[in-house]
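Student: Provided herewith is a single structure, encoded as structure tokens, for subsequent inquiry.
The values are calculated or read from the model by the stated rules, or taken from the named source; none is laboratory data. The model shown is predicted, which means the values in this text are computed figures rather than measured ones. Glycine also receives a Cβ, built like all others from the backbone with ideal geometry; neighbour counts cover every protein chain displayed.
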Amino acid sequence: MPHVLVIQADRESNTEAFDQLQRLKTERPDCTLSVLRRRAPWWQWDRRRVAAVVDQLLLVDPQHHDSAVRAVVDMARDRPFDAVISVHEECLRLAARMVEALGLRGPPHPVVETCRDKWALRRRLAAGGIATPQAHLVRSHAEARQAAQALGLPVVVKPRDLAGGIGVTAVNRLVDLPVAYDLAARAHWMDSRWPGVLVEPLIAGPTIAANGLMDGEELIPLGASDKTCVDAPYFSTHEEAMPSEHDGAALWRVVENAARCLGLRDTVLHMELVLGDAGASVLEVTPRLGGGPVARLVEVTQGVWPLGLALQVALGEAVPEPNPAACGRARILRTPRAGRIVALRSPTALPPQTELRKTLGVGDFVAPPPRSFVTALGWVLAWGEEPTEVAGRVARVAGAVSVETAPEASLSAVHALASRAADPEYRHRFFSWASRLGGRA
């Protein structure tokens, strides 16, 4: 029975993360499932439900790589691990270290370090003849200004080691450069490591998100999508349409060449490219599933479950070929208003082959960039044979979702928190936590 370790970050303490674990356990009952994460507050996760799915929960802070690796190596002495997987950026470096320490299949640790550091990534790709933006690494307002003048406006200013558009700004005027630099310099998450900010040219053209699987050193395409963004001058994803209008052999040659140039193997991968006048230029390469609805979009259009494939390739099992049979579209739900959610209304009945996923609810805080880059309400996803009909279903359902917000300090915000406390899911979590607390007493 294979023993699988899943590493989770703090932001994975939610229903979606639990659903992933539950599905892993359901589809792979032959596997023993262990999860490493920091202790989650009672209102984020129900430990009793987790215990019904997870065979062993290792409560170790994944920010502390050395202690986490030691804990897993010690655990492996009694029950060796057969695979280590993680699907979000914050834990990719830790997962690679554990793969290395345990001698398992997976992307090499130095390669993952390069992918997480966009400065190192661009230098490695450029040295291998792969087109990528001509980035400048800067550490001050003055250096940022010099880089922008050398490149010519407009430019993009971004953090060195984040993803998902966090802290990324398009700059058209030099006067706006200091604010963009400060935003990128402050942006971080738990796995931030490298100092400095990147300034690079803004390449005009469509952005493509390519998803694939490196089975050994062989690329298996898992679908490419066309991305559209909102919140200019920021880059919040608005919609993804799969297959991309630019999907084809030429695109996948670039993806495969970039992956082999980096030395990626035995992993799922997500790559973002921009199609400029000179062809495809690689923006991002990372050994993970695409964020938000991308994994589900791949599944409904390609007929394969990316997380299941990631586990199969980590275990050295044969992986099925994708079978593209539909087109799909996903729209990210956002609001231009900042505040605490006091009402979030959505249709109760959905058309066939259409899904609505809410990632926030009453009582949660939401804000557009630059105050927050990660507070999407959720997404609508649809699939089928006719692209126009699929797009119409997405638009109708998304248009039926409405949100009301109130200032954080207002009485309405207090009402929102009270409404959240009345939610059956949160009541269940509270009583589960209280019963455990009483049991320990």
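Student: Just checking, how many residues over region 164-186 are under 16 Å from the mean Cα position of the chain (by Cα) and under 19 Å from Ala148 (Cβ atoms)?
Tutor: 2
Student: Please go through region 314-345 and give me each residue that is aliphatic (A, V, I, L, M) and in contact with a Leu (Cβ under 6 Å, 6 or more places away or on another chain), ordered by number.
Tutor: Correct list: Val319, Ala330, Leu333.
Student: If you go through region 384-429 one residue at a time, how many are modelled with pLDDT under 90, part of a helix (DSSP H, G or I) and not polar (S, T, N, Q)?
Tutor: 15
Student: So, one more: Among the listed residues Arg79, Arg116, Arg105, Arg139, which satisfies the condition of being within 23 Å of Arg260 (Cβ to Cβ), touching a strand residue (DSSP E or B) at 6+ places or on another chain (Cβ under 8 Å), surrounded by fewer than 19 Cβ atoms within 10 Å (Cβ to Cβ) and not hydroxyl-bearing (Ser, Thr, Tyr)?
Tutor: Arg105
Student: How do the helices (runs of 4 or more DSSP H) wholly within region 39-156 filter down when requiring 1 or more residues that are within 30 Å of Phe18 (Cβ to Cβ), over 23 Å from the mean Cα position of the chain (by Cα) and at pLDDT 95 or above: which remain?
Tutor: Helices (runs of 4 or more DSSP H) meeting the threshold: 65-78, 92-102.
Student: From the set of residues in region 329-367 that are without any contact (Cβ under 8 Å) to a residue 40 or more places away in the chain and more than 23 Å from the chain's Cα centre (by Cα), which is nearest to Met242 (Cα to Cα)?
Tutor: Pro352
Student: I would also like to ask the following. If you check Pro351 against the conditions, is it in contact with a Leu (Cβ under 7 Å, 6 or more places away or on another chain) and at negative phi?
Tutor: So Pro351 fails the test.
Student: Taking the condition surrounded by fewer than 19 Cβ atoms within 10 Å (Cβ to Cβ) and touching a Ser or Thr at 6+ places or on another chain (Cβ under 6 Å), does Pro233 pass?
Tutor: Considered against the rule, which asks whether it is surrounded by fewer than 19 Cβ atoms within 10 Å (Cβ to Cβ) and touching a Ser or Thr at 6+ places or on another chain (Cβ under 6 Å), Pro233 comes out as yes.
Student: Could you list, in sequence order, all residues of region 327-348 that are assigned to a loop (DSSP other than H, G, I, E, B) and either surrounded by fewer than 18 Cβ atoms within 10 Å (Cβ to Cβ) or of a type in the set (S, T, N, Q) (or both)?
Tutor: Those that are assigned to a loop (DSSP other than H, G, I, E, B) and either surrounded by fewer than 18 Cβ atoms within 10 Å (Cβ to Cβ) or of a type in the set (S, T, N, Q) (or both): Thr335, Pro336, Arg337, Ala338, Ser346, Pro347, Thr348.
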